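Take a look at the structure below.
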């Protein structure tokens, strides 16, 4: 079998993401099941998650999925620090995100006891108009996804964390405007509607909780033999609750990072331009338009419509601010704003809370596998230079969202399967999962690399011949017939 890392067709990808070959090189010759299992391998002396974060995640899981699931999540994290952190929070449809879940748990789904817990630490700090779930659901039978919104367009800029619970009339009103063109779309949408309109789902207080419940039901239906317990947990919401306690402790990592000037200013400077952090404009106190993509100084501000606003430090470095908002940079004020949901933590503060302060080992996608270690090492280096002690860094960050192992086929054409496509399968058996677990990495990696080339190479740099080659790379995963 040809080594995908040596194929010239992928050279533009290696140039854009020079760290990627190293992510795959150690897995040469390994099966997908072996790679999945390696995410859970615990090194001697590796930290376990703190009691505080275990209790917090169990509480959130119980709120959406019931007390039994909450206890299952608690048992999982009491002995394991590994968590998938590649997904955006919503009713998951995007192929790369949907398939990351069974890949992350593949070893246990294929060969373990039914009921394996798969925690998904998902990002809720994105607008409802995110490409992953543009106000609702998507299917992927064409290059332009078919969209089935759940929220009105007036909600498009609201951050998912602040989205209200959907009422039955809202769901039915939105569904009345859907125009599915495939029988499998109608069946899949019907399944989603069934779970959304369940009284237990409608009784939940936030859309994020409803989405977690619907996702759990959908994954259980996809894998009827394995019956996984898939628990979506909003990473910013978990971090927000933990920070309310952490910022009251002067010895916590984030208390020192935020309220010690030399540490705060050093981090703003060192992490300027790092994905998931902030732009140099934020670090220098420049103007920050709401939608300019500059990131934010540690936290996002929230307005009355649930939209996020980037924060900058005031000229005297004594407050966080955006137009019409001023938050003194003192522990009591920041804790109060977190409690009142006037701010929520950005990715840097969230991951430093979850991973560095509380011991999670977060595995994710093409960007996280680079920016999370960069964040951690910047904090480590700065704290060491200033003589500040730190907890041990969490274990390595693994690339866990890449394997397109399942494709749908319609009239001879293959395309990566998202949630609506997978729901038409009637369920993926334990035998199918074992077949996927036994596949060598090289059987599915070329397609994943080709997808990244198409996603991240500007159209102006593509040639028709190169695109044609990318769309015809070898692949040996599971095929699902749709119509």
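Wrap a convex hull around the Cα atoms of the range 83-217, take a quarter of its surface area, and give that in square nanometres.
Projected over every direction and averaged, the Cα hull of the range 83-217 covers 8.6 nm².
Residue 200 to residue 459: extension gain in nm, 0.36 nm per residue of separation minus the Cα-Cα distance?
88.7 nm
Hey, got the Cα dimensions of the chain along the principal axes, in Å, largest first?
Reported extents, whole Å, longest axis first: 64, 53, 48.
Once the Cα gyration tensor of the range 13-135 is found, what semi-axes does its equivalent ellipsoid get, as square roots of 5 times the eigenvalues, in whole Å, sorted largest first?
25, 22, 15
In whole Å, how far is the Cα centre of the range 329-344 from that of the range 212-286?
When both Cα centres are located, 15 Å separates them.
What's the center-to-center distance, using Cα atoms, between the range 416-483 and the range 83-156 in Å?
Between the Cα centres of the range 416-483 and the range 83-156 lies a distance of 16 Å.
For labels at residue 377 and residue 317 in the simple 7 Å Cα→Cβ model, what's the distance in nm?
Output for this residue pair reads 2.6 nm.
Let me check against my output: what whole-number percent is the relative contact order of the range 120-257, with C-alpha pairs under 8 Å and at least 6 apart?
Rounded, it is 25 percent for the range 120-257.
Roughly what % of DSSP beta bridges within the chain run antiparallel, to the nearest 5?
Of the beta bridges lying entirely in the chain, close to 60 percent run antiparallel.
Any idea what angle helix 51-65 forms with the longest principal axis of the chain, computed on alpha-carbon atoms, 0 to 90 degrees, nearest 10?
50 degrees
Relative contact order of the chain, please, whole-number percent, based on alpha carbon pairs below 8 angstrom and at least 6 residues apart.
Once normalised by length, the contact order is 22 percent.
Using only Cα atoms, tell me the angle between helix 368-385 and the longest principal axis of the chain; keep it within 0 to 90° and round to the nearest 10.
Once rounded, the angle reads 20 degrees.
With axes computed from alpha carbons, what is the tilt in degrees of helix 445-456 against the longest principal axis of the chain, rounded to the nearest 10 within 0 to 90?
With both axes taken from Cα atoms, the answer is about 60 degrees.
Values quoted throughout were computed directly from the atomic coordinates according to the rules given, and no laboratory measurement underlies them. As the structure is a computational prediction, the values presented were derived from the model and not from experiment. With ideal geometry, Cβ positions are generated from the backbone for all residues, glycine too; neighbour counts draw on all protein chains shown.
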